[in-house]
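Here is the structure we will look at, set down as structure tokens.
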Amino acid sequence: MNPLSLEHCLTDTEKQQFEENGFLAVEDAIPQEMVERLLAAVDRVGAAHLGAETLPADAHFNLLDFVGRDEAFIELLDWHTTFPKVWGILGWNIKLYHSHLIVLPPLPPEERDKPKRLGWHQDSGRLNIELEGNPRPRVSLKVAYFLTDTSVPGRGNFSVVPGSQKWNSLEMPMEKTVDPENATAVFAKPGTAVFFDRRLWHAAGRNTSDITRKVLFYGYSYRWLQPRDNMTVAHFMERSDPVRQQILGKSTGGMGYTSPGEKDVPLRAWIQEHLGAEAVAR
């Protein structure tokens, strides 16, 4: 793993922000040159997904399991400015369990002034029904990489209710076109990474601009959680280093997920070697 990761470990301030608000934004997480490469990959993969030669200007889709479709996407699995914050929050027994790519074009002009409540939700489907506790356990988080500019309102901004990861339900206003109290748009420039707790109530904002919003979502979970999509990544496994293999889901067997040994979690050994035994105590 890139030793530069040691310069981007989760700070106490970042940890406090994440625990209190349920999300954390890191500007310039990826350089602009990489943003351009990722945008080109999004357009290639998106066009293939739609069966087109080039990505249509009005393309609108949420593509699951995208991460294995292009070399550029694999680089972000353990990116040195972001991955240390993932294991700083979840610990070392983790993997990528889900990825999805969202392309959100501008609304048609006739739809832009119509009031409409956003699609507020928590991630993970049945986990929010079948897990006990109030609040329910975190289990996973996502890192959203913003490739287009959402630093001003009206560009399909990622929207959140800060602190709502502590609530199993979200109270909605009686007026069905009004968003919940304290709803907040997150303003993100290209290259910004937004980390968020799966329990955080969030939604995609309305895109009333002239710019198509393009965002990559990487979902990390504990290794014992079943993948949320097909994780079509086997073709990258053997040419990946041990830590990346762990992230891609490799295990010595069933017991290796819940009672991992050394070969199951090379990330633990890497952290211990570079940061000491206290960093892997739990």
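Laid out as a table, the results:
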{"read-out": "Set 40, 59: member being in a loop (DSSP other than H, G, I, E, B), of a type in the set (Gly, Ala, Ser) and more than 18 Å from the chain's Cα centre (by Cα)", "value": "59"}
{"read-out": "Subset of the range 260-279 [under 26 Å from the mean Cα position of the chain (by Cα) and loosely packed, with under 13 Cβ neighbours inside 10 Å]", "value": "none"}
{"read-out": "Residue in the range 75-86 that is touching a residue at least 40 places away in the same chain (Cβ under 8 Å), over 30 Å from residue 176 (Cα atoms) and among the polar types (S, T, N, Q) present", "value": "yes"}
{"read-out": "Residue, surrounded by the fewest Cβ atoms within 10 Å (Cβ to Cβ), within the range 209-219, restricted to residues that are part of a loop (DSSP other than H, G, I, E, B) and either touching a strand residue (DSSP E or B) at 6+ places or on another chain (Cβ under 8 Å) or without any contact (Cβ under 8 Å) to a residue 24 or more places away in the chain (or both)", "value": "211"}
{"read-out": "Members of the range 146-199 found to be free of Cβ contacts under 8 Å to residues at least 24 places away in the same chain, more than 18 Å from residue 123 (Cβ to Cβ) and either among the polar types (S, T, N, Q) or assigned to a strand (DSSP E or B) (or both), listed by number", "value": "182"}
{"read-out": "Any pair with Cβ under 7 angstrom, 6 or more apart, that starts in the range 225-249 at a residue that is surrounded by 17 or more Cβ atoms within 10 Å (Cβ to Cβ) and ends at one that is of a type in the set (Ser, Thr, Tyr) and not in a helix (DSSP H, G or I)", "value": "225/97; 225/140; 228/97; 248/240"}
{"read-out": "Of residues in the range 110-149 being of a type in the set (A, V, I, L, M) and touching a Phe, Trp or Tyr at 6+ places or on another chain (Cβ under 7 Å), the one farthest from residue 100 (Cα to Cα)", "value": "139"}
{"read-out": "Residue pairs meeting the criteria (Cβ under 8 Å; at least 6 apart or on separate chains; first closer than 24 Å to residue 47 by Cα, in the range 99-114; second part of a helix (DSSP H, G or I) and small (Gly, Ala, Ser))", "value": "101/46; 103/46"}
{"read-out": "Unique match (being among the hydroxyl-bearing types (Ser, Thr, Tyr) and touching a Leu at 6+ places or on another chain (Cβ under 7 Å)) among 212, 150", "value": "212"}
{"read-out": "Odd one out for residue 143 among (1) assigned to a loop (DSSP other than H, G, I, E, B); (2) aliphatic (A, V, I, L, M); (3) within 24 Å of residue 64 (Cα to Cα)", "value": "(1)"}
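So that you can scan it fast, the table gives a plain yes or no per residue for (1) outside any helix (DSSP H, G or I); (2) in contact with a Ser or Thr (Cβ under 6 Å, 6 or more places away or on another chain); (3) buried (at least 18 other Cβ atoms within 10 Å of the Cβ):
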{"residue": "1", "(1), (2), (3)": "yes, no, yes"}
{"residue": "19", "(1), (2), (3)": "no, no, no"}
{"residue": "28", "(1), (2), (3)": "yes, no, no"}
{"residue": "46", "(1), (2), (3)": "no, no, yes"}
{"residue": "53", "(1), (2), (3)": "yes, no, no"}
{"residue": "75", "(1), (2), (3)": "no, no, no"}
{"residue": "92", "(1), (2), (3)": "yes, no, yes"}
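FYI, it's all coordinate maths here, none of it is from the lab. Remember, predicted model here, so these are calculated numbers, not experimental data. Every residue, glycine as well, gets a Cβ built from its backbone with ideal geometry; the counts of neighbours run over all protein chains shown.
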